[in-house]
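Peer 1: Quick one: the structure is below, and I'll ask about it shortly.
The values are calculated or read from the model by the stated rules, or taken from the named source; none is laboratory data. Small disclaimer: the values here were computed from a predicted structure and weren't measured. Note: ideal-geometry Cβ built from the backbone for every residue, glycine included; neighbour counts use all protein chains shown. Surface areas here come from the heavy atoms of the whole protein model, side chains and all, with no ligands, DNA or RNA. Shrake-Rupley method; radii C 1.70, N 1.55, O 1.52, S 1.80 Å.
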Amino acid sequence: MTALGSFERRAFRFRRASAAAGFLVFSAIGTLQATLLPPSSSADMPASSPLVLELKLDGEVEGLADAARRHASLVLITMDTPGGLSDSMKDIIQHILASPVPVAVYVSPTGARGASAGFYILLSADIAAMAPGTHAGAASPIIAIGGFPQQIDEVFRRKINQDAMAFLRSFTVQRGRNPELAEKAITESKAFTEKECLDGKMIDLIVNTTDDLIRELDGRTITRFDGTKVTLVLKSAVRAPFELSARQRFLARIVEPDVFFVLLILGVLGLYTEFTHPGVIAPGVIGGICLILALYAMHFLPVNLAGLFLIALSLAFFILEAKAPSHGVLALGGIVSMFLGAVFLIRSPLTGGGVSLGVALSATLPFGVLAVVLMKLVLRSRKWKTATGKEELIGSQGTVTVELKGGEEGLVRVHGELWRAASSQPVPEGTTVRITKVEGLKLYVEPVEVAASPVN
(Lines give C-alpha, C1' and ligand atoms only; values in the text may rest on other atoms or scores of the structure.)
Protein backbone atom coordinates (compact mmCIF):
# COMPACT_ATOMS: atom_id res chain seq x y z
CA MET A 1 0.00 0.00 0.00
CA THR A 2 1.13 3.56 -0.63
CA ALA A 3 0.61 6.09 2.11
CA LEU A 4 1.06 9.72 1.10
CA GLY A 5 2.76 11.96 3.59
CA SER A 6 5.89 12.89 5.47
CA PHE A 7 5.99 10.74 8.51
CA GLU A 8 9.72 11.17 9.15
CA ARG A 9 9.87 7.39 8.42
CA ARG A 10 7.98 6.68 11.60
CA ALA A 11 5.46 3.91 11.97
CA PHE A 12 2.54 5.87 10.47
CA ARG A 13 0.81 6.63 13.74
CA PHE A 14 -2.65 7.68 12.69
CA ARG A 15 -5.30 9.21 14.91
CA ARG A 16 -7.71 6.58 16.16
CA ALA A 17 -10.69 8.85 16.31
CA SER A 18 -12.53 6.02 14.61
CA ALA A 19 -10.86 2.63 14.42
CA ALA A 20 -13.24 1.86 11.59
CA ALA A 21 -11.53 4.40 9.31
CA GLY A 22 -10.80 1.79 6.65
CA PHE A 23 -14.47 1.07 6.06
CA LEU A 24 -15.59 4.63 6.60
CA VAL A 25 -13.17 6.03 4.05
CA PHE A 26 -14.02 3.45 1.40
CA SER A 27 -17.73 3.87 2.01
CA ALA A 28 -17.29 7.63 2.23
CA ILE A 29 -18.84 10.23 0.14
CA GLY A 30 -21.65 8.32 -1.43
CA THR A 31 -20.21 4.87 -2.07
CA LEU A 32 -22.96 3.43 0.07
CA GLN A 33 -25.38 5.67 -1.84
CA ALA A 34 -28.88 6.48 -0.75
CA THR A 35 -29.78 2.96 0.38
CA LEU A 36 -27.49 3.23 3.38
CA LEU A 37 -28.43 6.75 4.40
CA PRO A 38 -30.99 7.43 7.11
CA PRO A 39 -34.40 8.59 5.97
CA SER A 40 -35.00 12.30 6.29
CA SER A 41 -38.18 14.26 6.00
CA SER A 42 -36.24 16.95 4.14
CA ALA A 43 -34.37 14.53 1.90
CA ASP A 44 -36.35 15.34 -1.21
CA MET A 45 -37.20 19.02 -0.73
CA PRO A 46 -35.12 22.13 -0.22
CA ALA A 47 -34.88 23.48 3.30
CA SER A 48 -36.39 26.88 4.03
CA SER A 49 -32.98 28.11 5.20
CA PRO A 50 -29.58 27.38 3.64
CA LEU A 51 -28.17 24.12 4.95
CA VAL A 52 -24.51 23.61 5.76
CA LEU A 53 -23.74 19.92 6.30
CA GLU A 54 -20.71 19.52 8.56
CA LEU A 55 -18.37 16.55 8.23
CA LYS A 56 -15.05 15.65 9.81
CA LEU A 57 -11.94 14.18 8.28
CA ASP A 58 -10.15 12.98 11.39
CA GLY A 59 -11.19 9.38 10.95
CA GLU A 60 -14.59 9.38 9.27
CA VAL A 61 -15.86 11.00 6.09
CA GLU A 62 -19.47 10.56 5.06
CA GLY A 63 -22.32 12.41 3.56
CA LEU A 64 -21.71 14.10 0.17
CA ALA A 65 -24.49 12.05 -1.36
CA ASP A 66 -26.71 12.92 1.60
CA ALA A 67 -25.87 16.61 1.17
CA ALA A 68 -26.99 16.47 -2.46
CA ARG A 69 -30.24 14.72 -1.57
CA ARG A 70 -30.96 17.29 1.10
CA HIS A 71 -30.17 20.18 -1.25
CA ALA A 72 -27.49 21.55 1.05
CA SER A 73 -25.87 24.86 0.11
CA LEU A 74 -22.44 23.80 1.29
CA VAL A 75 -20.56 20.81 2.64
CA LEU A 76 -18.04 21.87 5.28
CA ILE A 77 -15.31 19.32 6.00
CA THR A 78 -13.25 20.07 9.10
CA MET A 79 -9.88 18.37 8.83
CA ASP A 80 -7.09 17.47 11.22
CA THR A 81 -5.17 14.51 9.85
CA PRO A 82 -1.61 13.29 9.34
CA GLY A 83 -2.70 11.58 6.12
CA GLY A 84 -3.99 8.27 4.88
CA LEU A 85 -3.90 5.64 2.16
CA SER A 86 -3.59 6.89 -1.40
CA ASP A 87 -6.50 4.80 -2.71
CA SER A 88 -8.81 6.18 -0.03
CA MET A 89 -7.58 9.71 -0.69
CA LYS A 90 -8.22 9.40 -4.45
CA ASP A 91 -11.71 8.07 -3.77
CA ILE A 92 -12.47 11.06 -1.55
CA ILE A 93 -11.09 13.57 -4.05
CA GLN A 94 -13.05 12.05 -6.93
CA HIS A 95 -16.26 12.48 -4.97
CA ILE A 96 -15.36 16.03 -3.95
CA LEU A 97 -14.67 16.99 -7.58
CA ALA A 98 -17.93 15.41 -8.73
CA SER A 99 -20.06 16.70 -5.85
CA PRO A 100 -23.11 18.71 -6.97
CA VAL A 101 -22.83 20.63 -3.68
CA PRO A 102 -19.88 23.04 -3.17
CA VAL A 103 -17.31 21.64 -0.74
CA ALA A 104 -15.22 23.64 1.69
CA VAL A 105 -12.29 21.98 3.47
CA TYR A 106 -11.16 23.72 6.66
CA VAL A 107 -8.01 22.75 8.55
CA SER A 108 -8.99 23.36 12.15
CA PRO A 109 -8.64 23.85 15.13
CA THR A 110 -5.45 25.74 15.92
CA GLY A 111 -2.57 23.29 15.91
CA ALA A 112 -4.28 21.00 13.40
CA ARG A 113 -2.68 19.81 10.19
CA GLY A 114 -3.65 18.73 6.72
CA ALA A 115 -0.61 16.61 6.01
CA SER A 116 0.06 13.93 3.46
CA ALA A 117 -3.21 12.81 1.85
CA GLY A 118 -4.96 15.62 3.71
CA PHE A 119 -2.95 18.15 1.70
CA TYR A 120 -4.33 16.75 -1.57
CA ILE A 121 -7.87 16.82 -0.20
CA LEU A 122 -7.46 20.41 0.98
CA LEU A 123 -6.36 21.59 -2.46
CA SER A 124 -9.12 19.65 -4.24
CA ALA A 125 -11.95 21.52 -2.49
CA ASP A 126 -14.00 24.35 -3.94
CA ILE A 127 -12.95 26.44 -0.96
CA ALA A 128 -9.73 25.72 0.94
CA ALA A 129 -9.37 27.39 4.34
CA MET A 130 -7.13 27.09 7.35
CA ALA A 131 -7.25 28.27 10.93
CA PRO A 132 -4.40 30.31 12.44
CA GLY A 133 -1.59 28.16 13.78
CA THR A 134 -2.20 25.22 11.42
CA HIS A 135 -0.07 23.71 8.69
CA ALA A 136 -0.34 21.50 5.62
CA GLY A 137 1.85 19.71 3.11
CA ALA A 138 4.56 17.06 3.49
CA ALA A 139 2.96 14.83 0.87
CA SER A 140 5.79 12.62 -0.37
CA PRO A 141 4.50 9.14 -1.26
CA ILE A 142 5.73 6.33 0.97
CA ILE A 143 5.43 2.61 0.32
CA ALA A 144 4.23 0.75 3.40
CA ILE A 145 3.65 -2.95 3.90
CA GLY A 146 1.80 -3.91 7.04
CA GLY A 147 2.05 -0.30 8.17
CA PHE A 148 5.85 -0.11 8.02
CA PRO A 149 7.73 2.05 5.46
CA GLN A 150 9.78 0.17 2.88
CA GLN A 151 13.01 1.06 1.13
CA ILE A 152 12.57 1.47 -2.63
CA ASP A 153 15.06 2.23 -5.40
CA GLU A 154 15.40 5.72 -6.83
CA VAL A 155 13.82 4.89 -10.20
CA PHE A 156 10.71 3.50 -8.55
CA ARG A 157 10.56 6.49 -6.18
CA ARG A 158 10.79 8.91 -9.10
CA LYS A 159 7.99 7.06 -10.85
CA ILE A 160 5.74 7.27 -7.79
CA ASN A 161 6.52 10.96 -7.29
CA GLN A 162 5.78 11.79 -10.92
CA ASP A 163 2.42 10.01 -10.67
CA ALA A 164 1.55 11.90 -7.48
CA MET A 165 2.59 15.23 -9.01
CA ALA A 166 0.47 14.64 -12.12
CA PHE A 167 -2.51 13.76 -9.93
CA LEU A 168 -2.00 16.93 -7.87
CA ARG A 169 -1.76 19.11 -10.99
CA SER A 170 -4.90 17.54 -12.46
CA PHE A 171 -7.11 19.42 -10.02
CA THR A 172 -4.99 22.28 -8.62
CA VAL A 173 -4.69 23.89 -12.08
CA GLN A 174 -8.44 23.65 -12.60
CA ARG A 175 -9.03 25.07 -9.12
CA GLY A 176 -6.76 28.03 -9.92
CA ARG A 177 -4.22 27.16 -7.25
CA ASN A 178 -0.42 27.11 -7.40
CA PRO A 179 0.70 23.67 -8.67
CA GLU A 180 4.41 24.53 -8.75
CA LEU A 181 4.53 25.37 -5.06
CA ALA A 182 2.20 22.50 -4.15
CA GLU A 183 4.48 20.02 -5.92
CA LYS A 184 7.27 20.88 -3.48
CA ALA A 185 5.23 19.08 -0.82
CA ILE A 186 5.93 15.94 -2.89
CA THR A 187 9.40 16.48 -4.28
CA GLU A 188 10.87 18.09 -1.14
CA SER A 189 8.40 16.84 1.49
CA LYS A 190 7.82 20.50 2.28
CA ALA A 191 5.16 21.62 4.73
CA PHE A 192 3.56 25.07 4.80
CA THR A 193 2.03 27.25 7.49
CA GLU A 194 -1.40 28.69 6.89
CA LYS A 195 0.12 32.07 5.93
CA GLU A 196 2.54 30.43 3.49
CA CYS A 197 -0.36 28.56 1.91
CA LEU A 198 -2.38 31.77 1.53
CA ASP A 199 0.54 33.80 0.17
CA GLY A 200 1.39 30.94 -2.20
CA LYS A 201 -2.20 30.90 -3.52
CA MET A 202 -2.85 27.33 -2.40
CA ILE A 203 -5.77 28.22 -0.11
CA ASP A 204 -8.48 30.86 -0.20
CA LEU A 205 -8.97 31.95 3.39
CA ILE A 206 -7.55 32.06 6.89
CA VAL A 207 -10.36 32.24 9.44
CA ASN A 208 -10.58 31.63 13.17
CA THR A 209 -13.77 29.57 13.37
CA THR A 210 -16.31 27.82 11.19
CA ASP A 211 -18.76 30.65 11.94
CA ASP A 212 -16.27 33.12 10.53
CA LEU A 213 -15.77 30.89 7.49
CA ILE A 214 -19.51 30.74 6.74
CA ARG A 215 -19.82 34.52 7.13
CA GLU A 216 -16.88 35.07 4.77
CA LEU A 217 -18.33 32.72 2.17
CA ASP A 218 -21.83 34.21 2.20
CA GLY A 219 -22.37 35.96 -1.11
CA ARG A 220 -19.05 34.82 -2.57
CA THR A 221 -19.05 33.58 -6.16
CA ILE A 222 -16.93 30.50 -6.72
CA THR A 223 -15.98 28.55 -9.82
CA ARG A 224 -16.79 24.86 -9.63
CA PHE A 225 -14.50 22.17 -11.05
CA ASP A 226 -16.61 21.94 -14.21
CA GLY A 227 -16.22 25.69 -14.81
CA THR A 228 -19.69 26.79 -13.71
CA LYS A 229 -19.97 29.75 -11.36
CA VAL A 230 -22.03 29.52 -8.19
CA THR A 231 -22.87 32.25 -5.70
CA LEU A 232 -23.04 30.94 -2.16
CA VAL A 233 -26.06 32.06 -0.14
CA LEU A 234 -25.31 31.19 3.47
CA LYS A 235 -27.02 33.94 5.45
CA SER A 236 -28.74 32.47 8.53
CA ALA A 237 -27.61 29.02 7.40
CA VAL A 238 -28.66 26.01 9.41
CA ARG A 239 -25.61 23.93 10.38
CA ALA A 240 -26.25 20.20 10.70
CA PRO A 241 -23.63 17.58 11.56
CA PHE A 242 -23.80 14.44 9.48
CA GLU A 243 -24.72 11.31 11.43
CA LEU A 244 -24.28 7.71 10.39
CA SER A 245 -27.34 5.56 9.95
CA ALA A 246 -27.84 2.52 12.18
CA ARG A 247 -26.69 0.28 9.34
CA GLN A 248 -23.55 2.34 8.76
CA ARG A 249 -22.76 2.34 12.48
CA PHE A 250 -23.15 -1.44 12.55
CA LEU A 251 -20.89 -1.97 9.54
CA ALA A 252 -18.35 0.50 10.88
CA ARG A 253 -18.32 -1.30 14.21
CA ILE A 254 -17.51 -4.61 12.56
CA VAL A 255 -14.28 -3.33 11.07
CA GLU A 256 -12.87 -2.02 14.33
CA PRO A 257 -9.72 -4.03 15.13
CA ASP A 258 -10.97 -5.12 18.55
CA VAL A 259 -14.35 -6.26 17.21
CA PHE A 260 -12.69 -7.99 14.26
CA PHE A 261 -10.43 -9.96 16.61
CA VAL A 262 -13.32 -10.97 18.87
CA LEU A 263 -15.39 -12.06 15.85
CA LEU A 264 -12.45 -14.09 14.56
CA ILE A 265 -11.96 -15.82 17.90
CA LEU A 266 -15.69 -16.50 18.35
CA GLY A 267 -15.90 -17.87 14.81
CA VAL A 268 -12.98 -20.24 15.32
CA LEU A 269 -14.21 -21.32 18.75
CA GLY A 270 -17.77 -21.90 17.51
CA LEU A 271 -16.69 -24.07 14.58
CA TYR A 272 -14.15 -25.87 16.78
CA THR A 273 -16.93 -26.68 19.26
CA GLU A 274 -19.21 -27.94 16.50
CA PHE A 275 -16.49 -30.17 15.02
CA THR A 276 -15.56 -31.64 18.39
CA HIS A 277 -19.17 -32.01 19.54
CA PRO A 278 -21.28 -32.69 16.41
CA GLY A 279 -24.98 -32.05 16.73
CA VAL A 280 -24.81 -29.16 19.18
CA ILE A 281 -25.66 -26.89 16.20
CA ALA A 282 -25.82 -23.51 18.01
CA PRO A 283 -22.03 -23.02 18.32
CA GLY A 284 -21.60 -23.90 14.65
CA VAL A 285 -24.26 -21.44 13.55
CA ILE A 286 -22.92 -18.62 15.72
CA GLY A 287 -19.33 -19.43 14.80
CA GLY A 288 -20.09 -19.47 11.09
CA ILE A 289 -21.79 -16.07 11.23
CA CYS A 290 -18.95 -14.57 13.29
CA LEU A 291 -16.32 -15.97 10.94
CA ILE A 292 -18.05 -14.55 7.86
CA LEU A 293 -18.31 -11.14 9.55
CA ALA A 294 -14.60 -11.38 10.38
CA LEU A 295 -13.83 -12.18 6.73
CA TYR A 296 -15.87 -9.13 5.74
CA ALA A 297 -13.76 -6.96 8.07
CA MET A 298 -10.58 -8.45 6.59
CA HIS A 299 -11.59 -6.92 3.26
CA PHE A 300 -11.07 -3.45 4.77
CA LEU A 301 -8.43 -4.01 7.44
CA PRO A 302 -4.78 -4.68 6.59
CA VAL A 303 -4.35 -8.05 8.29
CA ASN A 304 -0.84 -9.26 9.04
CA LEU A 305 -0.39 -12.92 8.06
CA ALA A 306 2.05 -13.38 10.94
CA GLY A 307 -0.80 -12.61 13.33
CA LEU A 308 -3.07 -15.20 11.70
CA PHE A 309 -0.33 -17.84 11.78
CA LEU A 310 0.34 -17.17 15.46
CA ILE A 311 -3.37 -17.60 16.26
CA ALA A 312 -3.48 -20.86 14.28
CA LEU A 313 -0.34 -22.03 16.10
CA SER A 314 -1.95 -21.26 19.45
CA LEU A 315 -4.91 -23.49 18.57
CA ALA A 316 -2.51 -26.32 17.74
CA PHE A 317 -0.78 -25.83 21.12
CA PHE A 318 -4.12 -26.01 22.96
CA ILE A 319 -5.06 -29.25 21.18
CA LEU A 320 -1.67 -30.80 21.94
CA GLU A 321 -1.98 -29.79 25.59
CA ALA A 322 -5.21 -31.79 25.82
CA LYS A 323 -3.73 -34.84 24.06
CA ALA A 324 -0.33 -34.87 25.71
CA PRO A 325 -0.36 -32.96 29.00
CA SER A 326 2.87 -30.99 29.30
CA HIS A 327 2.28 -29.63 32.81
CA GLY A 328 0.93 -26.43 31.25
CA VAL A 329 3.87 -25.66 28.96
CA LEU A 330 1.89 -26.10 25.75
CA ALA A 331 -1.10 -24.25 27.18
CA LEU A 332 1.12 -21.35 28.21
CA GLY A 333 2.73 -21.39 24.77
CA GLY A 334 -0.74 -21.27 23.19
CA ILE A 335 -1.77 -18.28 25.31
CA VAL A 336 1.44 -16.41 24.48
CA SER A 337 1.11 -17.27 20.79
CA MET A 338 -2.51 -16.09 20.62
CA PHE A 339 -1.72 -12.90 22.53
CA LEU A 340 1.14 -12.08 20.18
CA GLY A 341 -1.07 -12.98 17.22
CA ALA A 342 -3.64 -10.44 18.42
CA VAL A 343 -0.95 -7.79 18.84
CA PHE A 344 0.50 -8.44 15.36
CA LEU A 345 -2.87 -9.07 13.69
CA ILE A 346 -3.42 -5.56 12.35
CA ARG A 347 -0.78 -3.00 11.60
CA SER A 348 -1.67 -0.04 9.46
CA PRO A 349 -1.65 3.73 9.36
CA LEU A 350 -5.43 3.56 9.74
CA THR A 351 -5.28 1.45 12.89
CA GLY A 352 -2.43 2.81 14.94
CA GLY A 353 -2.34 0.24 17.70
CA GLY A 354 -4.30 -2.60 16.14
CA VAL A 355 -6.06 -4.83 18.67
CA SER A 356 -5.92 -3.34 22.16
CA LEU A 357 -3.96 -5.24 24.78
CA GLY A 358 -6.97 -5.52 27.07
CA VAL A 359 -9.14 -7.16 24.43
CA ALA A 360 -6.28 -9.42 23.34
CA LEU A 361 -5.72 -10.68 26.89
CA SER A 362 -9.39 -10.98 27.85
CA ALA A 363 -10.16 -13.04 24.72
CA THR A 364 -7.04 -15.20 24.80
CA LEU A 365 -7.38 -16.70 28.28
CA PRO A 366 -11.01 -17.92 27.96
CA PHE A 367 -10.33 -19.25 24.47
CA GLY A 368 -7.35 -21.26 25.71
CA VAL A 369 -9.29 -22.76 28.62
CA LEU A 370 -12.29 -23.67 26.45
CA ALA A 371 -10.15 -25.18 23.68
CA VAL A 372 -8.27 -27.43 26.13
CA VAL A 373 -11.43 -28.46 28.02
CA LEU A 374 -13.34 -29.27 24.81
CA MET A 375 -10.51 -31.40 23.46
CA LYS A 376 -10.19 -33.25 26.78
CA LEU A 377 -13.90 -34.07 26.65
CA VAL A 378 -13.51 -35.41 23.12
CA LEU A 379 -10.56 -37.61 24.09
CA ARG A 380 -12.36 -38.84 27.21
CA SER A 381 -15.51 -39.69 25.25
CA ARG A 382 -13.53 -42.07 23.05
CA LYS A 383 -13.08 -44.32 26.07
CA TRP A 384 -16.78 -44.43 26.85
CA LYS A 385 -18.74 -47.53 25.94
CA THR A 386 -21.21 -47.04 23.13
CA ALA A 387 -24.70 -46.58 24.56
CA THR A 388 -26.77 -47.06 21.42
CA GLY A 389 -26.93 -49.27 18.34
CA LYS A 390 -25.65 -52.79 17.84
CA GLU A 391 -22.27 -51.83 19.25
CA GLU A 392 -24.00 -51.30 22.57
CA LEU A 393 -25.32 -54.91 22.48
CA ILE A 394 -21.89 -56.48 22.08
CA GLY A 395 -20.70 -57.52 25.52
CA SER A 396 -24.16 -57.22 27.05
CA GLN A 397 -25.65 -60.13 28.95
CA GLY A 398 -28.98 -61.82 28.43
CA THR A 399 -30.94 -64.90 29.49
CA VAL A 400 -31.78 -67.84 27.25
CA THR A 401 -35.56 -68.27 27.07
CA VAL A 402 -35.61 -71.00 24.40
CA GLU A 403 -32.79 -73.54 24.50
CA LEU A 404 -29.97 -73.00 22.03
CA LYS A 405 -28.96 -76.23 20.37
CA GLY A 406 -25.74 -76.58 18.41
CA GLY A 407 -26.30 -75.11 14.95
CA GLU A 408 -29.92 -74.19 15.75
CA GLU A 409 -31.47 -70.87 16.77
CA GLY A 410 -33.16 -70.12 20.03
CA LEU A 411 -34.40 -67.04 21.86
CA VAL A 412 -32.52 -64.77 24.25
CA ARG A 413 -33.99 -61.97 26.36
CA VAL A 414 -31.73 -58.91 26.36
CA HIS A 415 -32.78 -55.59 27.99
CA GLY A 416 -36.36 -56.86 28.13
CA GLU A 417 -36.42 -57.75 24.42
CA LEU A 418 -36.50 -61.16 22.76
CA TRP A 419 -33.85 -61.80 20.12
CA ARG A 420 -33.14 -64.70 17.83
CA ALA A 421 -29.82 -66.13 18.91
CA ALA A 422 -27.34 -68.85 18.04
CA SER A 423 -24.38 -70.37 19.82
CA SER A 424 -21.49 -72.57 18.82
CA GLN A 425 -22.46 -74.96 21.65
CA PRO A 426 -25.72 -76.04 23.26
CA VAL A 427 -26.99 -73.62 25.91
CA PRO A 428 -29.89 -74.70 28.14
CA GLU A 429 -32.83 -72.46 29.00
CA GLY A 430 -32.22 -70.02 31.85
CA THR A 431 -28.48 -69.75 31.24
CA THR A 432 -26.89 -66.31 31.28
CA VAL A 433 -25.07 -65.58 28.05
CA ARG A 434 -22.92 -62.79 26.69
CA ILE A 435 -23.38 -61.37 23.20
CA THR A 436 -20.28 -61.62 21.02
CA LYS A 437 -21.62 -60.63 17.62
CA VAL A 438 -24.68 -59.03 16.00
CA GLU A 439 -25.83 -59.72 12.45
CA GLY A 440 -29.02 -57.93 11.53
CA LEU A 441 -31.64 -59.19 14.01
CA LYS A 442 -29.65 -62.24 15.04
CA LEU A 443 -27.31 -62.46 18.03
CA TYR A 444 -24.35 -64.76 18.53
CA VAL A 445 -23.81 -65.59 22.16
CA GLU A 446 -21.69 -67.66 24.52
CA PRO A 447 -22.36 -68.74 28.08
CA VAL A 448 -20.93 -66.28 30.57
CA GLU A 449 -18.85 -69.02 32.17
CA VAL A 450 -17.21 -69.87 28.84
CA ALA A 451 -16.68 -66.28 27.84
CA ALA A 452 -15.08 -65.48 31.18
CA SER A 453 -12.94 -68.62 31.48
CA PRO A 454 -9.20 -68.10 31.08
CA VAL A 455 -7.47 -69.31 27.93
CA ASN A 456 -4.89 -72.04 28.58
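Residue-by-condition table, conditions (1) of a type in the set (A, V, I, L, M); (2) at pLDDT below 85:
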site	(1), (2)
291	yes, no
337	no, no
347	no, yes
358	no, no
367	no, no
379	yes, yes
387	yes, yes
394	yes, yes
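Peer 1: Those residues that are among the hydroxyl-bearing types (Ser, Thr, Tyr) and either out of contact with any helix residue (DSSP H, G or I) (no Cβ under 6 Å at 6 or more places or on another chain) or closer than 17 Å to residue 210 by Cβ (or both), I need them from region 97-132; list them, please.
Peer 2: Selection gives 106, 108, 110, 116.
Peer 1: Could you say which residue among 354, 288 is surrounded by 19 or more Cβ atoms within 10 Å (Cβ to Cβ) and more than 13 Å from residue 371 (Cα to Cα)? Explain how you work it out, then say what you get.
Peer 2: Numbers: 288 fails: surrounded by 19 or more Cβ atoms within 10 Å (Cβ to Cβ).
Criteria check complete, one pass: 354.
Peer 1: For residues that are crowded, with 18+ Cβ neighbours inside 10 Å and part of a loop (DSSP other than H, G, I, E, B), tally how many sit in region 423-451.
Peer 2: Qualifying residue count, region 423-451: 1.
Peer 1: Of everything in region 92-121, what is within 19 Å of residue 142 (Cβ to Cβ) and not hydroxyl-bearing (Ser, Thr, Tyr)? Give them in sequence order.
Peer 2: Result: 92, 93, 113, 114, 115, 117, 118, 119, 121.
Peer 1: Evaluate the following for residue 242: is it open to solvent by less than 60 Å² (accessible area, probe 1.4 Å) and over 16 Å from residue 77 (Cα atoms)?
Peer 2: Answer is no for this residue.
Peer 1: Being of a type in the set (Gly, Ala, Ser), under 23 Å from residue 251 (Cα atoms), open to solvent by less than 50 Å² (accessible area, probe 1.4 Å) and part of a helix (DSSP H, G or I) is true for just one of 322, 331, 316, 342. Which residue is that?
Peer 2: 342
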